[in-house]
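Some notes on the structure that comes next.
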Amino acid sequence: MIYLTLEKRLHFSPVTRISVSLIAIAVAILVGGIFLFAVGVNPFHAYGLVIEQIFMDYWGWQDLLVKIIPFLLTGIAVALAAQMKLWNIGAEGQLYLGAVAATWVALNWGNELSIWMMIPIMILSAMVSGACWAFIPGFLKAQFGVNEIITTLLLNYVAISWVDYLLYGPWRDPGSNNFPVTREFPDSAQLPAFGNTSIHFGLIIGLMVIFLVYFILEKTEVGFKVKVIGDNIYAAKYSGFNIKWITLAIVMISGALAGIAGMAEVAGVHYRLKQNFSINYGYTGIIVAWLGRNHPIAIIFTAFFLAVVFVSGELMQLEFSLPIAMIYLFEGIILFSVLGSEIFTEYKIKIKNVVT
Amino acid sequence: MQTSHNPHLVLELRGITKAFPGLIANDRVDFTLKQGEIHTILGENGAGKSTLMNMIAGLYPPDHGDIFIYGKKVHFTNPRQSINHGIGMVHQHFMLIRNHTVTENIILGTPQHFKLNFRRVNEEIRMLGEKYGLIVEPHKKIQELSVGEQQRVEILKVLYRGAKILILDEPTAVLTPQESEALYQIIANMIQKDHSIIFISHKMKEVMSLSDRITVLNRGKILATFIKNETDAQKLAKIMMGNEEGKELSVSSPAPNQRHEVVLQLEKICANDDRGYQILNEVDLEIRSGQIVGLAGVSGNGQAQLAEVLSGIRPMESGSYTYWGEKLNAPTVSDMIARGLGYIPEDRKRYGIAGSLSIAHNFLLRDHKNPKFYGQQFLDINKMNQYARVKMEEFDIRAASEKTQAGVLSGGNIQKTILARESSRELKFLIASQPIRGLDVHATAFIQKVILQAKSEGLAVLLITEDLDELFLMSDHIYVICGGKMVGNMPKEEANIEQIGLMMTGVTVS
């Protein structure tokens, strides 16, 4: 009788991890192709178009490098918390709140301060705002053990409703023909771009944040504590770590990083706060972090990959008039295949032939 | 080779080989069990005893080799087939559902009528229990039973399924001396009633008194099989270690250091458990420098919580805690580490290490502020690795490298890692909770030697143990805890094992 068994791997090599992730992506592309076929699009044509119009195209690369920015930031935000086994599903809401704070600064002080003052203040206010929003689930988790998955998720809806209120109410631009958008930011509140491109300064901020988080995790006492708490909370107690404080701090920092993502979008892309300016960037951060197994450096690559997915999706929308749901569908397939492949990082398949 | 039709053989294994990735757990093992025999398997941790038993119990099939039961070749692909052939395994860790009754646990998975007749089943179980001296109340819930009673339920479970061949995997590891005595009686009853037993144990004394034959397993291979009367404990221990001289095996406790200053003094300490119920009830304790105080007690009587209070993990509700003459008020873990307290936790895998981090990282636990791990101001991975390599050499911690995940180490190597870490700081007081539980002879001797050496250099030690041999070997002074109260204390010279055993179970000794 021949049957398949799973055998535990004795060595966990990064090569295995990376190749398993790559295979998961390949499977997702394959399954995505089937779905494309199902809605009447030739997948070879579609994927060919992606290569031609995105990877072999100046504007395509520009789009990718703009799109990667929110993913870098929300991805690292989710990954940092996940290092401690805290699931921040609330990056979306924290991102919105970060954008709100940056917008308030831009609209109120923009005409009085120079860009050298404005940008740092906007970043700082977005961080404080995102951190304060994350304080709620962070405090509830640290003090009462309330499940952060639920609180962070539910607070997203509150945050988005808040923004809707502002846009339909006090912050609506009188000259917008009743569109729910704010006034445009003054020049001093707009993130500068590189040369003539639309790639804005947020790219540098995102990469800097990632390397900073990497450094903190690997090289500092607090980073060590975060890793121990994430691995074994009992060992952390035995070592006398202040788990409550660190939990609260990490959730708040995670919120602050997601807040920067919101600031970068409104100040670097739209130059105003508007409805649905985030196309699930916060939720996509979860996929970015997962796909990169919460490793800061890996997140640069997975954020790029998700940027490809989004830009390709926009291309499909234009070319084949497919709905945006196609992007979400594709994201779902990726997440599904990544989670499904998780087992192969720890086990390998063996074919056994047992004579009975 | 013996014939497989020998009517006296109830079980025969021939050339059993089982490999796991990177490890040959059993290598061409031959083994026989005669009718009405107690055949002991002796071996260190990782010698392959459990693998062998699991194959007999049908948990997985061997790669090569044959199993014969009553001369008939069998293939087990699942445990039920093994049970149907009359094999019953009593696991070391109980497989019971705590909030179900004894009866419910016993009949679980056995064929019953659609409408359960509990009165009849209870009666059956009571009769079965009386037959073997396994007395338990069938309608009681498991959580209401003592450890010894729970074990009786486990044995009843396999007997109810009609087991004729019983495998007892370290059955006395969790029992008090009195409960162990009762178990020996039950084993004798079962042999009288024509059962045959494979007995697994580390404890040489009971092995020598119970067994008919003894097989020594080492690194997956059978080294020898003896008839009990043809061998003795020293000889077995030597063979078990792979024919090495037993020089490291025996340790003796040097006399207590004479400059005995009081290191630790507890008066009327009270503390609660995690659910808020009182678990420590006015505990008094005194430990001096250069002294090992042994704290005896059955698990769950407050020793674990006492260690947590002393090390700053658990707050005390009332009482006074004096440490080197200073009265402490709600000390934290960091305070106690700074004051030179080392702590080897009882559950070493759960508390002692962060399993998915490297061994090198694990040396930073409870020591993460130590400048020896840092460059100018940031962690220096080279220094960390370097330090870990030195310690691994010094403490004989066996692993592929210092970058190996601590969680994949064996129990002995984990314990050595913890000991290496705790003892490498400036120690003044060491709490060692069940330091040798589940360790093999080598690791045990090593760890005891390190602790005794530290004591002779003036360290004060609190040794928490259930193992009375260890207690008497190591301690200078003995305390006994029961129900969260200190029920007795005496110098070792005035103590005797029976008396301590009785006190542990709450019998007052005048």
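Could you work out the per residue convex hull volume over the alpha carbons of chain B, in cubic angstrom?
Working: hull volume 88.7 nm³, N = 510.
In chain B, the Cα convex hull volume per residue is 174 Å³.
So for the pair A:PHE211, A:CYS132, with labels modelled 7 Å out along Cα→Cβ, what separation do we get in nm?
Here the modelled spin labels are 3.2 nm apart.
Among bridges DSSP assigns within the protein assembly as shown, what percent are antiparallel (round to 5)?
Details: 55 of 90 bridges.
Antiparallel: roughly 60 percent of the beta bridges in the protein assembly as shown.
Give the cross-link partners of B:LYS49 among the aspartates and glutamates, using a straight C-alpha distance below 14 Å as the criterion and excluding same-chain residues fewer than 8 apart.
B:ASP27, B:ASP30, B:ASP169, B:GLU170, B:ASP440
Would you mind giving the average projected area, over all directions, of the Cα convex hull of the protein assembly as shown in nm² with one decimal? Before the final figure, lay out the partial values.
On the way: hull surface 182.2 nm².
Hull-based average projected area comes out at 45.5 nm².
Would you check segment B:420-510 for Lys pairs whose C-alpha atoms are within less than 22 Å, ignoring same-chain pairs closer than 8 in sequence, and give me the count? Present the calculation step by step, with values, prior to reporting the outcome.
Working: B:LYS428/B:LYS449; B:LYS428/B:LYS455; B:LYS449/B:LYS492; B:LYS455/B:LYS492.
Eligible lysine pairs with Cα atoms under 22 Å apart amount to 4.
Along the Cα→Cβ direction, 7 angstrom out, place labels at B:HIS75 and B:LEU223. What is the inter-label distance in nm?
The modelled label-to-label distance comes out at 3.6 nm.
For chain A, report the % of Cα-Cα distances exceeding 36 Å. Could the numbers behind the result be given before it?
Working: 16160 of 63190 pairs.
Summing the P(r) tail past 36 Å for chain A gives 26 percent.
Contact order normalised by length for chain B, with contacts defined as Cα pairs under 8 Å and 6 or more residues apart; what percent is it? Could you put the intermediate results ahead of the total?
Working: 968 pairs, mean separation 75.3, N = 510.
With pairs under 8 Å counted, the relative contact order is 15 percent.
Taking a cut-off of 20 Å between Cα atoms, list the aspartates and glutamates near A:LYS350, but don't count ones fewer than 8 places away on the same chain.
By straight Cα distance, A:LYS350 reaches A:GLU7, A:GLU342, B:ASP63.
Carbon and sulfur together cover what percent of the accessible area of chain B at a 1.4 Å probe radius?
On the way: 11620 of 22970 Å².
Reported share for carbon and sulfur atoms: 51 percent.
Could you order the peptides A:113-123, B:454-464, B:269-279 from most to least packed, using the average number of other C-beta atoms within 10 Å per residue? List each step's numbers first, then the result.
Numbers: A:113-123: 17.0, B:454-464: 21.5, B:269-279: 14.5.
Descending mean neighbour count gives B:454-464, A:113-123, B:269-279.
For B:PHE114 and B:SER318 in the same chain, what is the full-extension length gain: residue separation times 0.36 nm, less their Cα-Cα distance, in nm?
67.8 nm
In sequence order, what are the phi-derived ³J(HN,Hα) couplings for segment A:66-72 according to the Karplus relation 6.51 cos²θ - 1.76 cosθ + 1.60 with θ = phi - 60°, rounded to whole Hz, with x for glycine and proline?
Using θ = phi - 60°, the values come out as 7, 5, 5, 4, x, 6, 4 Hz.
B:LYS383: which lysines have alpha carbons under 23 Å from its alpha carbon, excluding same-chain residues fewer than 8 sequence positions away?
B:LYS383 reaches A:LYS219, A:LYS225, A:LYS227, B:LYS369, B:LYS372, B:LYS391, B:LYS403, B:LYS416.
By its C-alpha gyration tensor, with a ≥ b ≥ c as the square roots of the eigenvalues, how is segment A:103-187 shaped: rounded for a/c under 1.5, else prolate for a/b larger than b/c, else oblate?
On the way: a/c = 4.47, a/b = 1.59, b/c = 2.81.
Judged from the Cα gyration tensor, segment A:103-187 comes out oblate (a/c at least 1.5, b/c at or above a/b).
Between A:PHE336 and A:ALA249, what length comes free when the chain is fully extended (0.36 nm per residue of separation minus the Cα-Cα distance, one decimal in nm)? Mind dumping the intermediate values first?
Working: separation 87, 0.36 × 87 = 31.32 nm, distance 3.07 nm.
Extra length from A:PHE336 to A:ALA249 when fully extended: 28.2 nm.
Which ³J(HN,Hα) values, rounded to whole Hz and listed in residue order, are derived for segment A:307-316 from phi using the Karplus coefficients 6.51, -1.76 and 1.60 in 6.51 cos²θ - 1.76 cosθ + 1.60 with θ = phi - 60°, glycine and proline given as x?
4, 4, 4, 5, 5, 4, x, 5, 4, 4
Where in segment B:94-172 are there trypsin sites (Lys or Arg not before Pro) that are in a DSSP coil and have at most 13 other Cβ atoms within 10 angstrom of their Cβ? Working shown, then result.
Numbers: sites: B:ARG98, B:LYS115, B:ARG119, B:ARG120, B:ARG126, B:LYS131, B:LYS140, B:LYS141, B:ARG152, B:LYS157, B:ARG161, B:LYS164; in loops: B:ARG98, B:LYS115, B:LYS140, B:ARG161, B:LYS164.
Counting only loop positions with at most 13 other Cβ atoms within 10 Å, the trypsin sites (Lys or Arg not before Pro) in segment B:94-172 are B:ARG98, B:LYS115.
Of the peptides B:361-367, B:7-13, B:77-83, how do they stack up when ordered by the mean number of other Cβ atoms within 10 Å, highest first?
Numbers: B:361-367: 24.6, B:7-13: 18.9, B:77-83: 16.0.
Per-residue Cβ counts within 10 Å, averaged per peptide and sorted highest first, yield B:361-367, B:7-13, B:77-83.
Counting pairs of alpha carbon atoms under 8 Å apart in space and at least six apart in sequence, what relative contact order in percent does chain A give? Don't jump to the answer; show the numbers that get you there.
Details: 580 pairs, mean separation 128.5, N = 356.
The value is 36 percent.
I'd like the interface area for chains B and A: accessible area of each alone minus the complex, both sides summed, 1.4 Å probe, protein heavy atoms only. What is it in Å² to the nearest 100? Walk me through the intermediate numbers first.
Numbers: alone 24090 and 17890 Å², together 39620 Å².
Approximately 2400 Å² gets buried when B meets A.
What does the structure give for B:350-358 when I average, per residue, the other chain Cβ atoms found within 10 Å of the residue Cβ? It would help to have the intermediate numbers written out before the result.
Values: counts 5, 7, 5, 6, 12, 3, 6, 7, 0.
Per-residue shielding by partner chains comes out at 6.
Compute the accessible area per residue over segment B:382-510, keeping the other protein chains in place, probe 1.4 Å, unit Å².
Numbers: 5210 Å² over 129 residues.
Accessible area per residue, segment B:382-510: 40 Å².
Across peptide A:219-229, what mean number of C-beta atoms from other chains lies inside 10 Å of a residue's C-beta?
Numbers: counts 7, 4, 8, 1, 2, 9, 2, 0, 5, 9, 1.
That average works out to 4.
Hey, can you grab everything whose amide H is under 5 Å from the amide H of B:VAL10? Only 5+ residues off in sequence or another chain; H modelled, so Pro and N-termini drop out.
Amide H neighbours of B:VAL10: B:LEU33, B:LYS34, B:GLN35.
Put a dot 7 Å past each Cα toward the Cβ at A:SER198 and A:ILE51; how far apart are the dots in nm?
With each label placed 7 Å out from Cα toward Cβ, I get 2.6 nm.
What is the ratio of the Cα radius of gyration of segment A:203-288 to 2.2 N^0.38 Å, where N is its residue count, to two decimals?
Values: Rg = 16.1 Å, N = 86, 2.2 N^0.38 = 12.0 Å.
The reported ratio for this selection is 1.35.
If the limit is 31 Å between Cα atoms, which of B:LYS131/B:LYS228; A:LYS348/B:LYS349; A:LYS8/B:LYS228 go over it?
Details: B:LYS131/B:LYS228 28 Å; A:LYS348/B:LYS349 26 Å; A:LYS8/B:LYS228 40 Å.
Over 31 Å Cα-Cα: A:LYS8/B:LYS228.
For a quick size check, give me the Cα extents of segment B:353-425 along its three principal axes, largest first, whole Å.
Its Cα atoms span 35, 21, 20 Å along the three principal axes.
Dipole of chain A, Cα-centred, from +1 at each Lys and Arg C-beta and -1 at each Asp and Glu C-beta, to the nearest 20 debye? Don't skip to the answer; put the middle values down first.
Values: 19 positive and 20 negative charges, 260 e Å.
Using only the charged Cβ atoms, the result is roughly 1240 debye.
So what is the accessible area of chain A per residue, in Å², with the probe set to 1.4 Å? Present the calculation step by step, with values, prior to reporting the outcome.
Details: 16640 Å² over 356 residues.
It amounts to 47 Å² per residue over chain A.
If you put +1 on each Lys and Arg Cβ and -1 on each Asp and Glu Cβ, how big is the dipole of the protein assembly as shown around its Cα centre, in Debye rounded to 20? The partial results should precede the final answer.
Working: 76 positive and 78 negative charges, 241 e Å.
In debye, rounded to 20, the protein assembly as shown gives about 1160.
In segment A:203-356, carbon and sulfur make up what percent of the accessible area (probe 1.4 Å)? Show your work: numbers first, answer last.
Values: 4240 of 6220 Å².
Percent of accessible area from carbon and sulfur atoms in segment A:203-356: 68.
Ranked highest first by average number of other Cβ atoms within 10 Å, how do A:182-194, A:222-234, A:155-167 line up? Walk me through the numbers on the way to the answer.
On the way: A:182-194: 18.8, A:222-234: 20.9, A:155-167: 17.1.
Peptide ranking by packing, descending: A:222-234, A:182-194, A:155-167.
Towards the positive end of the charge dipole of segment B:353-425, with charges on Cβ (+1 Lys, Arg; -1 Asp, Glu), say which of B:ASN370, B:ILE353, B:TYR387 has the farthest Cα.
Farthest towards the positive pole: B:ASN370.
When Cβ neighbours within 10 Å are restricted to other protein chains, what is their mean count per residue of peptide A:236-247? Kindly include the intermediate steps, with their values, before the conclusion.
Working: counts 4, 5, 14, 13, 13, 5, 3, 0, 0, 0, 0, 0.
Mean partner shielding for this stretch: 5.
For B:TRP324, what accessible area in Å² do you get when you roll a 1.4 Å probe over the heavy atoms of the protein chains, rounding to the nearest 10?
100 Å²
The values are calculated or read from the model by the stated rules, or taken from the named source; none is laboratory data. Here the structure is a predicted model, which means the values were calculated and not measured. Note: ideal-geometry Cβ built from the backbone for every residue, glycine included; neighbour counts use all protein chains shown. With ligands, DNA and RNA removed, areas are computed over all heavy atoms of the protein, side chains included. Shrake-Rupley method; radii C 1.70, N 1.55, O 1.52, S 1.80 Å.
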